[in-house]
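The values are calculated or read from the model by the stated rules, or taken from the named source; none is laboratory data. Just so you know, these numbers come straight off a predicted model, no measurement behind them. So basically every Cβ, Gly included, is an ideal-geometry build from the backbone, and we count neighbours across all protein chains shown.
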């Protein structure tokens, strides 16, 4: 399940989808936070469809959307809304509140919203530089935790078949920065930490 909103040239993009979270930890973590079996799940993602397939294998009824605001999605039609890096990217609290309100429109009362972003403090963050995902968004005074979300951090990997494969990919895809990261590798994988921000939709007023 590739969650990175990261475009890489040529075959590197296809390879990225194969090497990220090959153990399927992210889908299982989503299921642990909000059991998906027999439930309606709206998935906001821009990946190759692997995320939808993994959640379907866990028993979810998945409706994939390319963007959060989509007129084809009916109000109160989902038990769970999952965003895999494709939404909730605004820089401040107002943006987050707008996206949360859009997700709440899709959720049934008591449904759960799960927002997946990179967390940083890992090998992958060395490739990508200084991003808000790695700083402000993870802090107690950041928009997510201040906005009523809780966080679970998942420790995943970019996994390669060999050290030579890892070094070739990193150098080809990320240039000098990738070469520097590759030089420090002792095993054919990079540590990759993922944040799952989660929040329950408030129940409707007067509901039992």
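Would it be correct to say that residue 108 is modelled with pLDDT of 90 or more and more than 17 Å from the chain's Cα centre (by Cα)?
Spelling it out, residue 108 is indeed modelled with pLDDT of 90 or more and more than 17 Å from the chain's Cα centre (by Cα).
Output the number of the condition that residue 91 fails; it satisfies all remaining conditions of (1) more than 30 Å from residue 186 (Cα to Cα); (2) outside any loop (DSSP other than H, G, I, E, B); (3) at pLDDT below 95.
So the condition that residue 91 fails would be (2).
Taking into account only those residues within segment 58-79 that are touching a helix residue (DSSP H, G or I) at 6+ places or on another chain (Cβ under 8 Å) and not in a loop (DSSP other than H, G, I, E, B), which is surrounded by the fewest Cβ atoms within 10 Å (Cβ to Cβ)?
For segment 58-79, the residue satisfying everything is 64.
Listed residues 124, 115; which is in contact (Cβ under 8 Å) with a residue 12 or more places away in the chain, in a helix (DSSP H, G or I) and in contact with a strand residue (DSSP E or B) (Cβ under 8 Å, 6 or more places away or on another chain)?
None of the other options fit; the residue is 124.
Which of the residues that make up segment 13-56 are farther than 22 Å from residue 103 by Cα, in contact with a strand residue (DSSP E or B) (Cβ under 7 Å, 6 or more places away or on another chain) and in a loop (DSSP other than H, G, I, E, B)?
Of everything in segment 13-56, those that are farther than 22 Å from residue 103 by Cα, in contact with a strand residue (DSSP E or B) (Cβ under 7 Å, 6 or more places away or on another chain) and in a loop (DSSP other than H, G, I, E, B) turn out to be 21, 22.
So which residues in segment 134-171 are modelled with pLDDT under 95, surrounded by fewer than 19 Cβ atoms within 10 Å (Cβ to Cβ) and part of a helix (DSSP H, G or I)?
Once the filter is applied, which keeps residues that are modelled with pLDDT under 95, surrounded by fewer than 19 Cβ atoms within 10 Å (Cβ to Cβ) and part of a helix (DSSP H, G or I), segment 134-171 yields 136, 145, 146.
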